[in-house]
Amino acid sequence: MSSEQALRHDVALANRIIERFGLSTAFGHASARIPGTNTFYISTRRSPGLADENKLLVIDTDGKILSGEGTPNSEFWIHARIYAARPEVNGVVHAHPLACIALTQIGEPHRVVHNQGGAFAHGVPEYERVGLIRSRELGDLVAQRLGKGIAVMMRGHGITTALADVRAATVSACFLEESADLQMRMLAATGGDAKRIRAFTREEAELTGGQTGPSVAAAGRAWEYYAAVAEGLLLGSR
Ligand SMILES: [Zn+2]
């Protein structure tokens with residue numbers, strides 16, 4: 001497989017992973033920068049679960065569609081403007097996972113409450129304005145809130161992750177939703193008393209982030225597992 005086809009395969013798989021693992025249903029998208037360029041592969045405007053590696057669009061950071069057939073996702077500006085702002089970012093995932101959305105709407109910041117949450121030791125900023133990101137200007141505002149971070153929560157909307165490659169961005173999105181889901185369960189179990197949650201200290205979060213963070217996990221069994229499920233492999237049967 002050529003490196004171009006391998007990257008296309010990863011992008012399609014990343015899209016199918018975010019659908020399969022409940023981060024998105026009909027909406028959401030993953031993309032990857034074409035190495036060394038200001039262009040990126042992104043799926044067409046349909047459920048990420050239906051992404052096809054041979055039907056990706058190539059769009060540049062100014063929002064120009066350079067190749068591919070089909071309509072782009074209306075929120076492609078999230079990807080375009082993050083790639084413009086962050087030259088070291090080569091993978092972006094935007095999804096609408098329920099626990100993350102719930103956290104934004106009860107005014108609780110993300111806290112690190114388990115090992116995989118350690119990836120977010122430095123906090124997850126919130127983009128407060130509601131509504132879809134359908135313009136260059138709004139894409140720039142999301143990129144500004146993201147700053148130098150790896151994830152941003154979008155109030156009443158979803159999340160965006162941005163990392164060194166699309167695998168890490170995908171694993172990171174899955175970890176963030178897992179973390180938010182646990183945080184919501186803990187809030188429910190404590191009657192909504194956030195102070196009773198034994199959130200990790202910064203040092204604890206950094207320790208576990210180094211052990212299980214998305215860059216580590218993406219290179220190993222986390223991506224392997226998510227990809228196997230998204231490919232429809234029958235795990236456990238031989
Ligand atoms: Zn969205």
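The values are calculated or read from the model by the stated rules, or taken from the named source; none is laboratory data. Source: prediction; values computed, not measured. A quick note on method: Cβ atoms are made from the backbone with ideal geometry, for glycine too, and the neighbour counts reach across all protein chains shown. Just so you know, the surface numbers come from the protein's heavy atoms only, side chains and all, with ligands and any DNA or RNA stripped out. Shrake-Rupley method; radii C 1.70, N 1.55, O 1.52, S 1.80 Å.
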Q: Identify all residues within the range 98-112 that are more than 16 Å from the chain's Cα centre (by Cα), among the aliphatic types (A, V, I, L, M) and surrounded by fewer than 22 Cβ atoms within 10 Å (Cβ to Cβ); write none if there are none.
A: Ala102, Ile106
(Q) Could you list, ordered by first residue, the pairs with Cβ atoms under 8 Å in which the first is in the range 146-172 and more than 19 Å from Phe21 (Cα to Cα) and of a type in the set (Gly, Ala, Ser) and the second is modelled with pLDDT under 95 and within 16 Å of the ligand (Cβ to nearest atom), at least 6 apart or interchain? (A) none
Q: Report yes if some residue within the range 80-97 is over 20 Å from Ala173 (Cα atoms), open to solvent by 20 Å² or more (accessible area, probe 1.4 Å), within 16 Å of the ligand (Cβ to nearest atom) and touching a strand residue (DSSP E or B) at 6+ places or on another chain (Cβ under 8 Å); otherwise report no.
A: no
Q. Could we say that Pro125 is under 29 Å from Pro35 (Cβ atoms), away from the ligand (no atom under 16 Å from the Cβ), open to solvent by 70 Å² or more (accessible area, probe 1.4 Å) and not acidic (Asp, Glu) here?
A. no
Q. Looking at Asn115, is it open to solvent by 10 Å² or more (accessible area, probe 1.4 Å), away from the ligand (no atom under 12 Å from the Cβ) and under 13 Å from the mean Cα position of the chain (by Cα)?
A. no
Q. Which condition breaks for Leu132 when tested against (1) open to solvent by 10 Å² or more (accessible area, probe 1.4 Å); (2) away from the ligand (no atom under 16 Å from the Cβ)?
A. (2)
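Per-residue answers, yes or no, for (1) more than 23 Å from Arg81 (Cβ to Cβ); (2) surrounded by fewer than 14 Cβ atoms within 10 Å (Cβ to Cβ):
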site	(1), (2)
Gln5	yes, yes
Asp10	no, no
Ala14	no, no
Glu19	yes, no
Leu23	no, no
Ala30	no, no
Arg33	no, no
Thr37	no, yes
Ile42	no, no
(Q) Take the conditions within 16 Å of the ligand (Cβ to nearest atom), of a type outside the set (Ser, Thr, Tyr) and at pLDDT 95 or above and apply them to Gly147. Does it pass? (A) no
Q. Does Gly63 satisfy being open to solvent by less than 30 Å² (accessible area, probe 1.4 Å), not in a loop (DSSP other than H, G, I, E, B) and not aliphatic (A, V, I, L, M)?
A. no
Q: Please work out which residue is most open to solvent (accessible area, probe 1.4 Å), limiting yourself to the range 69-78 and to residues that are more than 18 Å from Thr25 (Cα to Cα) and at pLDDT 95 or above.
A: Trp77
**Q.** Selection within the range 63-74 - free of Cβ contacts under 8 Å to residues at least 60 places away in the same chain and at negative phi
**A.** Lys64, Ile65, Leu66, Ser67, Glu69, Thr71, Pro72, Asn73
Q. If you go through the range 16-31 one residue at a time, do you hit one that is at pLDDT 95 or above, closer than 14 Å to Gly158 by Cβ, assigned to a helix (DSSP H, G or I) and within 16 Å of the ligand (Cβ to nearest atom)?
A. yes
